[in-house]
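The next block holds one structure in the form of structure tokens; read it before the comments.
The values are calculated or read from the model by the stated rules, or taken from the named source; none is laboratory data. All of these numbers come straight from a predicted model, not from anything done at the bench. Heads up, the Cβs are rebuilt from the backbone with ideal geometry, glycines too, and the neighbour counts pull from every protein chain shown. Each accessible area value is taken on the protein alone, full model and side chains, heavy atoms only, with ligands, DNA and RNA left out. Shrake-Rupley method; radii C 1.70, N 1.55, O 1.52, S 1.80 Å.
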Amino acid sequence: MAWSLSSRASQLGPPAAWSLVRGVLPFLACVAVAILAQVILKPFLITTLGWDFAAKMIVDVGINIVLAVSLTLVNGFTGQFSIGHAAFMAVGGYTAAAIVYYGSYRIAGNPDLAGGVLSSMLVGREAPWFTPHDLLFLVAMLAGGVVAALCGYLVGLPSLRLKGDYLAIVTLGFGEIVRVLIQSQTGDVLYDPEEIAQTPAWKLAGSLGGSLGFSGLPFYTSFFWVYLLVLVTLLLAWRIKNSSYGRALISIREDEIASEAMGVDTTRFKIRAFVLSAFLAGCAGALFAHTVGVQLNAAELGFVKSFDIIIMVVLGGLGSISGAVIAAIILTILPEALRGVAEYRMVAYAVALIVMMLVRPKGLLGVHEVWERAAWDWLLGASKRKGAGR
Amino acid sequence: MLEVESLAVSYGAIKALHGIGLRVGRGEIVTLIGSNGAGKSTTLRAISGLVRPAAGSKIVYDGTSIASRPPHEIVRMGLVQSPEGRGVFPNMTVEENLELGAYVRSDRDGIDADREKALSLFPRLKERFRQSAGTLSGGEQQMLAMARALMARPRLLLLDEPSLGLAPQIVQVIFRIIREINAGGTTILLVEQNAHMALKVAHRAYVLEVGRIVMEGPAAELAASDQVKNAYMGRHA
């Protein structure tokens, strides 16, 4: 990933310090852009234009971009068909929710939003730049990612023996297990400060609301957190795609036997793809859980949600990062834009998908990126040449 | 360099190899000929670790036992296979395919030098350098598969049916290059259905029939034997 690229850069000549800068600088740029989105774009949209709904859509789009691009690592690059992505989201979301909710009680005695400017979609609220609660949310998000990554490791294991449809069924089963466990095996959310103070942490971890959902979560998710994760995800995916690491992943998709014959440790790479993908999905789940207007409920994170994400990846083109991004944007906005035709909304949505796949069976961009000439050859009629489309 | 003894492989209940033995000496071209389903590809796959041999099978490469070692370790030891059916990465460019061939190496300068060498061996690939491998012709894909295997700098190269499905003229070219690769110091174990061509370039040969070695000897000798002529060279003497 980042480090393999920079280590290669150092072999090519430039001094190590420079390649370190090149490795780290883009991540700092991500932070800067995310801050700008929060302090300039957010008040402009909400206060100046009054477009609350647009702001909400931008958050949803961002979360879906992370989900689609993270799934692209597994389904697109590595060619392992996983259809349980929402489960990683659920695991990450609930982990983060428990940490933020009960953590807030332990720190402040109540679960209210106490973040700084960067951690809120509210406007006109007096808040310092930074509070300890921002850090709590960051830790919760990363913890959500890590727990999801552990689950990704577990799901990655069967992928070593199973291929295609069989792996898909296992991942589907995993997703349902996670959903059912959270719904049926967790207790009610606690809200009495004294009770929470006296309950041991392991017991709090089991008080996630069950089938009622996890209510009362503070809305930390903001332009800053969402677009920080979006940009970091895109940067990671982009660097992976263009490194020897990524070529190894893609070679597994292209021809697993040949990949093995070239000395790629396919076992390890498949697991790594699952782990990283699950980590990012877990972080996205943490953001989803703390979004304004969302009541975290495992029922919503079942296979329907998993399929929504798969559709984005397939529609964008398996293996295309920009394709996944474009599809995530379109498929998040389309159902809302179709609200005008009320009850026929989902029919129109389905028809749009079918037409899309008939016209572009390899997805919007195939394995290419939007700025690559090959992605547009089909528009110019060149796809009629045999084999040129792929 | 490579010694195989009582190598047996089963796919489920079906026995593909019934304990075969073969030997490849340093600098040789050894060919393994036989008809469809004789177990030729299975033999190569077992050697490079892509399928697991049965217990008791002995595969010794350069004095080290490699039976049931994972393929990526075997490749690192310099034993590299160019898989059957070419197996190029279709959505990658020729350049990226070659880059993956050198996956186990990290000596940038050596890799670049070897890429130049491979491209001079297969000038056609130079013309197609930035083209997707899936858009190449069958012959070009075979060249790419071989060039890609060479990028790992093999000491022992396993070639699985390099002439499969190619026009006779291209087959000639491929076999000429196999000789050149061998002349450059790479030992080759070649699996072929085209017994005629294989016996022409090889030093020694083994004949495989339904999972058993039935004949072995110097290639020229086998090529002259009536049995081989009748069975594999379509000549009724």
- request: Quick one: compute a quarter of the convex hull surface over the Cα atoms of the range A:175-248 and quote it in nm².
  value: 8.0
- line: Judged on accessible area alone, 1.4 Å probe, highest first, B:40, B:58 line up as B:58, B:40
- request: State the percent of C-alpha pairs, over all pairs in the protein assembly as shown, separated by a distance greater than 47 angstrom.
  value: 28
query: Can you give the angle from 0 to 90° between the axis of helix A:244-254 and the longest principal axis of chain A, with both taken from C-alpha atoms, to the nearest 10?
result: 70
- prompt: Out of A:279, A:238, A:225, whose Cα points farthest toward the positive end of the dipole of the range A:219-288 (charges: +1 Lys, Arg; -1 Asp, Glu; placed on Cβ)?
  reply: A:225
field: List A:125, B:108, ordered by accessible area with a 1.4 Å probe, largest first
entry: A:125, B:108
field: Computed over chain A: relative contact order in percent, which uses C-alpha pairs under 8 Å that are six or more apart
entry: 28
message: Using the basic label-point model (7 angstrom from Cα toward the beta carbon), what is the residue A:16 to residue A:169 distance in nanometres?
response: 5.2
query: How much area per residue is accessible in the range B:105-237 when the probe is 1.4 Å and only protein heavy atoms are counted (Å²)?
result: 45
- prompt: Where the only charges are on Cβ atoms (+1 Lys, Arg; -1 Asp, Glu), what is the dipole of chain A about its Cα centre, to the nearest 20 debye?
  reply: 1380
message: With a cut-off of 8 Å between alpha carbons and a minimum separation of six or more residues, what is the relative contact order of chain B in percent?
response: 27
message: Is there a quick way to get the dipole size of the range B:87-152? I mean about its Cα centre, with the Cβ of Lys and Arg at +1 and of Asp and Glu at -1; what is the value in debye to the nearest 20?
response: 160
task: Just the ratio, please: alpha-carbon radius of gyration of the range A:25-302 over 2.2 N^0.38 Å, N its number of residues.
output: 1.04
query: Separation between the residue A:39 and residue B:173 pseudo-spin-labels, each 7 Å from Cα along Cα→Cβ, expressed in nm?
result: 6.3
Accessible surface buried once A binds B (1.4 Å probe; total of both sides; Å²): 2200
- request: With r as the distance between the Cβ atoms of residue B:212 and residue A:48 and R0 = 60 Å, compute the FRET efficiency 1/(1 + (r/R0)^6) and round to 0.05.
  value: 0.15
- request: For the range A:264-311 and the range B:1-30, write down the distance between their C-alpha centroids in whole Å.
  value: 46
- request: For chain B, would you read off the P(r) tail past 25 Å as a percentage of all alpha carbon pairs?
  value: 39
- prompt: Structure shown: which of B:40/B:117; A:56/A:305; B:40/B:200; A:163/B:15; A:163/B:40; B:40/B:126 lie over 22 Å apart, alpha-carbon to alpha-carbon?
  reply: B:40/B:117; A:163/B:15; A:163/B:40; B:40/B:126
- line: The alpha-carbon pair-distance distribution computed for the range B:87-152, with 10 angstrom bins and whole-percent values, is 25, 59, 15, 0
Backbone N under 20 Å from the residue A:211 label point (7 Å along Cα→Cβ), restricted to the range A:180-201: A:180-190
message: In chain B, if the dipole is taken from +1 on Lys/Arg beta carbons and -1 on Asp/Glu beta carbons about the Cα centre, which of B:12, B:232, B:103 is farthest to the positive end?
response: B:12
message: Can you give me the angle between helix A:132-156 and the longest principal axis of chain A, using Cα atoms only, in degrees from 0 to 90, rounded to the nearest 10?
response: 50
task: Heads up, I need the accessible area for residue A:169: 1.4 angstrom probe, whole protein in place, Å², nearest 10.
output: 110
statement: For chain A, the longest principal axis of the Cα atoms and the Cα long axis of helix A:164-185 enclose an angle in degrees, to the nearest 10, of 0
field: Rounded percent of accessible protein surface that carbon and sulfur make up, the protein assembly as shown, 1.4 Å probe
entry: 62
task: Hey, can you grab everything whose amide H is under 5 Å from the amide H of residue B:10? Only 5+ residues off in sequence or another chain; H modelled, so Pro and N-termini drop out.
output: B:16, B:54
